[in-house]
Amino acid sequence: MEVACRAFFSAAAAAVPAELQALRDASPERRTGRRVSVAAIFLKRRVQFSNRHYSRHASVSASRPRHLKILGLDKHLRTSDKFANEFLNFSSCSFSCSSSQDCRAVQHHNPVIYAGVAATGPGMADESKEADLASALQRIVVSAKDIGLSEGTRTVTIKVCGVTSDNDLQRLQSQVLDLDGVGDVWLGPFIEGGLRGGSVTMQTEVENRLPLSMLIKSIQALDDALLVLPFKTNYWLWRGNKINYAVAGCGKPLILIHGFGGNAGHFARLIPYLAENYRVYAIDLLGFGASDKPANVEYGPELWADLVCDFAEEFAQEGAVLLGNSIGSLTVLSAAAKAGSELFKGIVLLNCAGGMNRKGLEQDGLALKLVGPIFVVVEYLLQKRKIANFLFNRFRTKENVKTILAQQAYHDKAAVTDNLVDILHHPSTDEGALDVFVKVFTGDPGPRPEALMPKIDLPLLLLWGEKDPWTPANGPVAKYFMKLAGERDNLFVETLPDVGHCPHDDRPELAAGRIHHFLSTFDL
């Protein structure tokens with residue numbers, strides 16, 4: 001059997017890097033503690049080379065063996081050991097390496113196909129046959145493509161909320177491993193609290209043929225209690241406050257900025273389409289999401305613009321494209337006006353708001369002027385703590401959030417799911433959320449787009465959902481940008497049919513297609 005084992009590593013060394021070559025040449029004693037994972041996706045299963053006799057020395061990984069008999073190759077590998085004949089393994093080998101050029105901890109995989117023999121009992125293969133076996137092993141090294149397997153895999157990291165125990169984690173790992181196109185799954189530590197009471201970061205090896213959006217849908221379909229987010233989250237310290245941000249994918253950086261009451265999770269349906277080609281960051285602005293909500297801060301687009309500029313200096317020094325929705329668009333424009341091409345390469349706006357609150361919208365038409373007195377009364381009432389608390393508690397209920405989204409913000413009612421409601425509702429239960437709400441509603445509205453655009457000369461794409469009742473596609477802001485598009489050759493405005501106030505979540509595939517075209521046009 002030792003001859004067969006040496007033959008296995010000899011065959012591997014003919015097609016893969018020096019790692020297996022060194023392992024092949026090493027003595028069994030020197031191989032102790034080394035781990036070589038030999039695995040593949042075959043018939044929706046992860047297949048691994050397993051040699052229990054030899055793994056005592058080489059520690060060959062075999063966490064999920066699936067022993068398959070390939071009739072076309074069986075004649076080359078027959079030995080006198082009935083156990084060996086039963087355990088013909090047909091596998092690929094993936095090696096990982098790190099690269100920091102485009103993102104941290106990028107993994108590249110180069111699959112190669114092998115065959116091997118595993119002994120499961122005390123019986124050993126007939127030594128007289130092992131020379132033939134060694135020769136056969138060296139002959140059958142082939143590429144994955146030659147037999148119809150995927151030529152490569154990639155590793156993606158996601159966040160799964162709604163896990164509450166070790167049993168949940170074990171079941172989740174087992175179920176994800178059984179999904180088509182999934183090679184391996186590694187779970188991070190269980191984090192208590194937060195959205196749905198507990199979460200875990202999951203790193204998943206998937207075939208390149210499987211889009212990230214399909215992987216997310218497949219995992220989400222496993223259990224309605226789960227909430228699957230296509231990114232991992234981290235905290236960044238800014239001016240003494242914790243800023244939560246999400247990150248996914250590799251490549252040139254995109255920075256996504258949510259609107260009022262939103263957070264990074266509101267981009268959960270758009271990110272899978274962007275992260276396949278870009279390194280995507282989504283920030284919880286100070287006062288929103290899982291970021292801190294200090295009471296001694298005057299919230300507004302200019303404050304958040306400073307945050308975005310500092311974030312870009314920290315994480316995207318090579319220059320990022322900014323994307324914002326609603327008042328997040330005002331933050332994006334404010335940031336671009338401050339830093340320009342020194343930090344940013346382009347801009348994408350989704351249903352750009354004219355102002356952060358009523359004060360910034362007074363010039364946006366007769367209808368808003370007529371209802372202006374109502375907003376004045378509301379602002380006055382919000383100055384009264386008890387009244388503000390009552391109004392806020394009524395406003396932030398899950399039922400009210402769902403009604404507002406379905407009846408006003410979204411055209412596609414099916415997109416208003418319980419997951420979306422949880423994403424937007426949960427941060428409103430944090431301490432300090434009321435103070436942020438009051439300050440945003442009654443504070444400085446910040447500069448309007450008309451005042452910011454003369455300071456900006458970056459390529460800009462504005463997508464506008466034609467069914468948006470809050471910032472209408474025929475309103476003053478949209479008309480201003482349409483006029484500007486006729487004067488600038490790097491500015492484009494597109495109206496999206498049957499889309500509401502949130503194109504990134506209402507029709508993410510449609511918005512992503514327009515965004516990709518814009519980014520490729522300007523090589524951003």
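A few comments on the model shown:
- Radius 12 Å from Cβ of Trp236, net charge of other residues (Lys, Arg +1; Asp, Glu -1): -3
- Sequence-ordered 3J(HN,Hα) estimates for the range 457-470 from the Karplus curve with 6.51, -1.76 and 1.60 and θ = phi - 60° stand at 10, 7, x, 9, 10, 10, 9, 10, x, 5, 9, 7, x, 7 Hz, glycine and proline given as x.
- Over 18 Å between alpha carbons, listed pairs Lys232/Lys439; Lys439/Lys467; Lys252/Lys345; Lys338/Lys455; Lys338/Lys439; Lys413/Lys467: Lys232/Lys439; Lys439/Lys467; Lys338/Lys439
- Overall form of the range 191-259 per C-alpha gyration tensor (a/c, 1.5; a/b vs b/c): oblate
- Accessible surface comparison of Phe315, Phe395, probe 1.4 Å, protein chains only, largest first: the order is Phe395, Phe315.
- Rel. contact order, % - alpha carbon contacts under 8 angstrom, at least six apart, the range 247-342: 35
- On the basis of the beta-carbon distance and an R0 of 35 Å, Asn389 and Asp489 show a calculated FRET efficiency of 0.10.
- Whether the range 405-499 is rounded, prolate or oblate, judged on the alpha carbon gyration tensor where a/c under 1.5 counts as rounded: oblate
- Paramagnetic reach from Asn400 in the range 430-454 [backbone N under 14 Å; point 7 Å along Cα→Cβ]: 434-435, 437-438
- Within the assembled protein chains, the solvent-accessible surface assigned to Trp464 is about 0 Å², based on a 1.4 Å probe.
- Heavy atoms of Phe288 accessible to a 1.4 Å probe, total area in Å² rounded to 10: 20
- Sequence-separation-based contact order of the range 168-315, relative, with Cα cut under 8 Å and 6+ spacing, percent: 16
- For Val348, the residues 5 or more places off, or on other chains, whose built amide H falls under 5 Å of its own are Leu322, Leu323, Gly324, Leu461.
- Segment Ser520-Met214, length gained on full extension (0.36 nm per residue, minus Cα span): 107.8 nm
- Once the Cα-Cα distance is subtracted from the 0.36 nm per residue extended length, the Glu192 to Glu314 segment shows a gain of 41.1 nm.
- Given a 1.4 Å probe and the protein chains as shown, His517 ends up with an accessible area of around 120 Å².
- From phi via Karplus (6.51, -1.76, 1.60), per-residue ³J(HN,Hα) for the range 409-415 in Hz, x at Gly/Pro: 6, 10, 8, 7, 5, 5, 6
The values are calculated or read from the model by the stated rules, or taken from the named source; none is laboratory data. Model, not experiment: these values are computed from the prediction. Heads up, the Cβs are rebuilt from the backbone with ideal geometry, glycines too, and the neighbour counts pull from every protein chain shown. Protein only, heavy atoms only, side chains kept; ligands, DNA and RNA dropped before computing areas. Shrake-Rupley method; radii C 1.70, N 1.55, O 1.52, S 1.80 Å.
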